[in-house]
Amino acid sequence: MKVLGWLVGLLTTLVVGVYVLAFTSLGNSIVKPIVEQKIQEATGIKVRLSEFSLDMSNFLVVLEIDSQNSIEAKGSYSIGEKSFDALYDVKLNRLENLRDFASGTLIAGKFHTDGSAKGDMKFITIDGKSDVASSSTSYHVELTEFNPTSIIAKIDKANLAELLEIAGQKSYASADLDLDVNFKNIKPHQLDGDVVLKTSNGLLNTKVMKNDFNITIPKTAFAMNLDAKLLGDDVNYKYALKSNLANLTSSGKVTPEPLKTDIKYGVDVSELAVLKPIIGTELRGALKLNGTLKGTKEKMVVDGFTDIASSDTVFVATLKDFAPANIKAKVKSLKLQKLLYMVNQPHYTDGDLNLDIDIADAKSGSLKGSVVNSISNGLLDSAYLTKEYEFKSAMPKTTYTLKTVTKLSGDIADTKVNLASNLADLDIKSAKFNIAKGSLESDYEAKIAELERLYFVTAQHMRGGLNVNGEIKKGTDLDFTAHTKVADGVIDAKLHNDNFHADLKGVKTIKLLNMLIYPEIFDSSLEAKVDYNLAKQKGFFDGHVKEGKFTQNLAFDMAKQYANIDMYKESFEGDVNADINKENILAGIYLVSRTSHIRTKDAKLNTKEGTIDAKIDINANNNPIGVKLSGKTTAPKVEVDASSIIKNEAKKAIEKKLGDKLPADVGNLLKGFF
């Protein structure tokens, strides 16, 4: 009995202690700081419980977040029945002060709601009202075992700009928003209700759009309507957004779980620039698009038709788990100039594009299909390209047609190209691009009918045409080869990254000079090597000529007249070399024949200015002649110094004419003079 008395006493003490701690003013004062601390730890906000009162059946809690924001709850409860009946009042007059609690989101404005909540552990009802975003809002929520099962809400005339501010967004638009929500049942697979959303007096904030996205749009009014009915697993809806910039429509049936869709959509945008905040890309112009979206997550088919860039375009794509599985599309008569404008690119060209896409497997790594592309009526914008690339002369009017056929297999896109223009023709039999590695291997053949048409690029007047073929490889390194026949000879060239090398074999110099429109003074066979670094713009030319014959020139005429030697009959052989430093070339020539030689050292040529400054020393059968070339390479100024030959010939003529008739002292005087 003594032990039982002790146990009863201990239990009584505990009950009294719990009662005092939980349900008396003394106990409340002890619990209050503990509750404050727990709230602060959970929210990260320093709060204060200005009121905390709890007895056996009633409670009152006033939580002051700061002087502008508070939450109050009061009412009664029954521990035995696990029920409650409470009133609440949430006053958040300065949401900016709660940004730390909102993970740094720039929320702003104010929010107020009050109402009642009552029920027990099995069923709770909440009724309240709010003035959120200057609206008149009422709501009724039912929770079964703490899960929402019914929601009825009505929002009248909510201010969209204020809603955006509350959500931490700028006021990109203003509008009056009305929302009716009537969910009699929102249990999964037992949906029963409807949603009606309407906006009126909508207006885009053009100033904010300009400041944030650099988009200039006209004054834009809009209205939006959504009418959705939920029944069982299905949602049937109609949606429409109308404005003077864009009209969007969508309607049909959606089953959320498991996902199934059967909907129609329509897009009619008069100015795509307004979509930049949504898509993050600058687009311009108009777009109309209509189509359907049908299927499930496992297989969904999207089709549509559009007049993008004045084209007639249709497409159909199959998605599996939302990833493209196969795609078919046809584009007819798309205007390239309008497409460039739409994607905010300069006006490079006009032309009509036709495109046929048939991709049976669009999965990365196992691609299979074809893409056929053709451009007709192509016309480059010569004026723009001349200015953009700073050509020194105007690019001529350039017309072209283009056709490409691409076969897709695995990671390889194999393309055949045929480009025909009045500047050049380009044919590629197989350009293989490895999508996974980002590498390219391609052949090519270029045909230039008139080299003179390329003067705007080469800054060099030229005659005739040129055919070039070779290969291009681009992976970690760039490798390029070129093979061509020029002036009865062959040129084989290769480029490795910035290093260029070329071999010239059997090139006829007189034909090369003719092609370059230089004076045709020398006819020979040229063998040479060229090494040049594109990045440094430095290189070296090392050549050898043989069977060289000179055409008529003043220096050789004087040699024939005064030195009695016909150098035109001489066959020269020797070396030609040059150091190249950007546009400056420092050249050297040494040619020899049976009786004579020709030498020049440090001859200066400037390809940018088209000038030459060279001194040539000619020894014609031991008779020296000096030649200086200066001025433009196309028509240089020629100065010939044949004084030594003339003196010798004059001396010989006088001696022959007078012979022994002159006194000895006069003869010696003449020798000294010459």
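The values are calculated or read from the model by the stated rules, or taken from the named source; none is laboratory data. Quick caveat, the model's predicted, so the values are computed rather than measured. Cβ placement follows ideal geometry from the backbone for every residue including glycine, while neighbour counts extend to all protein chains displayed.
Tally up the residues in segment 146-159 that are more than 20 Å from Lys129 (Cα to Cα) and part of a strand (DSSP E or B), please. Working first, answer last.
Taking segment 146-159 first, the residues more than 20 Å from Lys129 (Cα to Cα) are 146-147.
Imposing the further condition that a residue be part of a strand (DSSP E or B) reduces the set to 147.
Residues meeting the conditions: 1.
If you go through segment 31-44, how many residues are exposed (fewer than 13 other Cβ atoms within 10 Å of the Cβ) and assigned to a helix (DSSP H, G or I)? Write out each step before concluding.
Within segment 31-44, the first condition is being exposed (fewer than 13 other Cβ atoms within 10 Å of the Cβ), and the residues that meet it are 33-34, 37-38, 41-42, 44.
Those still in the list that are assigned to a helix (DSSP H, G or I) too: 33-34, 37-38, 41-42.
Residues in segment 31-44 being exposed (fewer than 13 other Cβ atoms within 10 Å of the Cβ) and assigned to a helix (DSSP H, G or I): 6 in total.
Considering Ala587, Ala559, Ala603, which residue is surrounded by 15 or more Cβ atoms within 10 Å (Cβ to Cβ) and either outside any strand (DSSP E or B) or aromatic (Phe, Trp, Tyr) (or both)? Step through it out loud before you land on a result.
Working: Ala587 fails: either outside any strand (DSSP E or B) or aromatic (Phe, Trp, Tyr) (or both); Ala603 fails: either outside any strand (DSSP E or B) or aromatic (Phe, Trp, Tyr) (or both).
Criteria check complete, one pass: Ala559.
Quick one: is Val405 farther than 21 Å from Glu471 by Cα and either modelled with pLDDT of 95 or more or under 22 Å from the mean Cα position of the chain (by Cα) (or both)? Explain how you work it out, then say what you get.
Working: farther than 21 Å from Glu471 by Cα: no; either modelled with pLDDT of 95 or more or under 22 Å from the mean Cα position of the chain (by Cα) (or both): yes.
No; evaluated as a whole, the condition is false for this residue.
Just checking, does segment 423-431 include any residue being of a type in the set (Gly, Ala, Ser) and either assigned to a strand (DSSP E or B) or assigned by TED's automatic domain parsing to the domain that holds Lys608 (or both)?
First, pick out the residues of segment 423-431 that are of a type in the set (Gly, Ala, Ser): 424, 430-431.
From the residues that got through so far, the ones that are either assigned to a strand (DSSP E or B) or assigned by TED's automatic domain parsing to the domain that holds Lys608 (or both) too are 430-431.
Yes, some residue in segment 423-431 is of a type in the set (Gly, Ala, Ser) and either assigned to a strand (DSSP E or B) or assigned by TED's automatic domain parsing to the domain that holds Lys608 (or both).
Please tell me if Ser442 is in contact with a Leu (Cβ under 9 Å, 6 or more places away or on another chain) and hydroxyl-bearing (Ser, Thr, Tyr).
no
Could you check segment 244-281 and list, in sequence order, the residues that are touching a helix residue (DSSP H, G or I) at 6+ places or on another chain (Cβ under 6 Å) and surrounded by fewer than 17 Cβ atoms within 10 Å (Cβ to Cβ)? Lay out the reasoning, then the answer.
The first filter runs over segment 244-281 and keeps only residues touching a helix residue (DSSP H, G or I) at 6+ places or on another chain (Cβ under 6 Å), leaving 245, 276-277.
Result: Pro277, single match.
Condition test on Ser134, is it farther than 28 Å from Ile45 by Cβ and surrounded by 14 or more Cβ atoms within 10 Å (Cβ to Cβ)?
No, not satisfied.
One line per residue, one yes/no per condition, for (1) of a type outside the set (Ser, Thr, Tyr); (2) farther than 30 Å from Lys32 by Cβ; (3) assigned to a strand (DSSP E or B); (4) not assigned by TED's automatic domain parsing to the domain that holds Lys32:
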residue	(1), (2), (3), (4)
Tyr77	no, no, yes, no
Glu81	yes, no, no, no
Gly128	yes, no, yes, yes
Ala133	yes, yes, no, yes
Ala161	yes, yes, no, yes
Leu164	yes, yes, no, yes
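Condition check: farther than 30 Å from Asp641 by Cβ, under 43 Å from the mean Cα position of the chain (by Cα) and of a type in the set (D, E, K, R). Does Asp479 satisfy that?
Details: farther than 30 Å from Asp641 by Cβ: yes; under 43 Å from the mean Cα position of the chain (by Cα): yes; of a type in the set (D, E, K, R): yes.
Considered against the rule, which asks whether it is farther than 30 Å from Asp641 by Cβ, under 43 Å from the mean Cα position of the chain (by Cα) and of a type in the set (D, E, K, R), Asp479 comes out as yes.
Go through segment 248-272 and count every residue that is under 21 Å from Val195 (Cα atoms), in a strand (DSSP E or B) and out of contact with any Leu (no Cβ under 7 Å at 6 or more places or on another chain).
Going through segment 248-272 one residue at a time, the tally reaches 10.
Does Lys505 qualify as being without any contact (Cβ under 8 Å) to a residue 24 or more places away in the chain and either surrounded by fewer than 16 Cβ atoms within 10 Å (Cβ to Cβ) or assigned by TED's automatic domain parsing to the domain that holds Thr611 (or both)? Step through it out loud before you land on a result.
Details: without any contact (Cβ under 8 Å) to a residue 24 or more places away in the chain: yes; either surrounded by fewer than 16 Cβ atoms within 10 Å (Cβ to Cβ) or assigned by TED's automatic domain parsing to the domain that holds Thr611 (or both): yes.
Yes: the conditions hold for Lys505.
Output the number of the condition that Leu512 fails; it satisfies all remaining conditions of (1) within 52 Å of the chain's Cα centre (by Cα); (2) touching a residue at least 24 places away in the same chain (Cβ under 8 Å); (3) surrounded by fewer than 15 Cβ atoms within 10 Å (Cβ to Cβ).
Going through (1) within 52 Å of the chain's Cα centre (by Cα); (2) touching a residue at least 24 places away in the same chain (Cβ under 8 Å); (3) surrounded by fewer than 15 Cβ atoms within 10 Å (Cβ to Cβ) one by one, Leu512 breaks only (3).
Residue by residue through segment 214-258, note down the ones that are touching a Phe, Trp or Tyr at 6+ places or on another chain (Cβ under 9 Å), closer than 28 Å to Glu282 by Cα and among the hydrophobic types (A, V, I, L, M, F, W, C).
Within segment 214-258, Met224, Leu241, Leu245, Ala246, Leu248 meet the criteria.
Would you pick out the residues in segment 135-145 that are assigned to a strand (DSSP E or B) and either of a type in the set (S, T, N, Q) or touching a Cys at 6+ places or on another chain (Cβ under 7 Å) (or both)? Spell out the reasoning first.
In the first step, residues of segment 135-145 are kept if they are assigned to a strand (DSSP E or B); the result is 136-144.
Once the filter is applied, which keeps residues that are assigned to a strand (DSSP E or B) and either of a type in the set (S, T, N, Q) or touching a Cys at 6+ places or on another chain (Cβ under 7 Å) (or both), segment 135-145 yields Ser136, Thr137, Ser138, Thr144.
Which one is nearest to Pro258 (Cα to Cα), of the residues in segment 169-211 that are in contact with a helix residue (DSSP H, G or I) (Cβ under 9 Å, 6 or more places away or on another chain) and assigned to a loop (DSSP other than H, G, I, E, B)?
Within segment 169-211, the first condition is being in contact with a helix residue (DSSP H, G or I) (Cβ under 9 Å, 6 or more places away or on another chain), and the residues that meet it are 169-177, 199, 202, 204-205, 209.
Add one more test, that the residue is assigned to a loop (DSSP other than H, G, I, E, B), and what stays is 169-172, 205.
On the way: Gln169: 33, Lys170: 36, Ser171: 37, Tyr172: 35, Asn205: 40 Å.
Checked segment 169-211; the qualifying residue nearest to Pro258 (Cα to Cα) is Gln169.
Which one is modelled with the lowest pLDDT, of the residues in segment 487-543 that are under 18 Å from Ala578 (Cβ atoms) and among the hydroxyl-bearing types (Ser, Thr, Tyr)?
Tyr518
Out of curiosity, is Thr220 at pLDDT 95 or above, farther than 27 Å from Asn185 by Cβ and touching a strand residue (DSSP E or B) at 6+ places or on another chain (Cβ under 8 Å)? Lay out the reasoning, then the answer.
Values: at pLDDT 95 or above: no; farther than 27 Å from Asn185 by Cβ: yes; touching a strand residue (DSSP E or B) at 6+ places or on another chain (Cβ under 8 Å): yes.
No, not satisfied.
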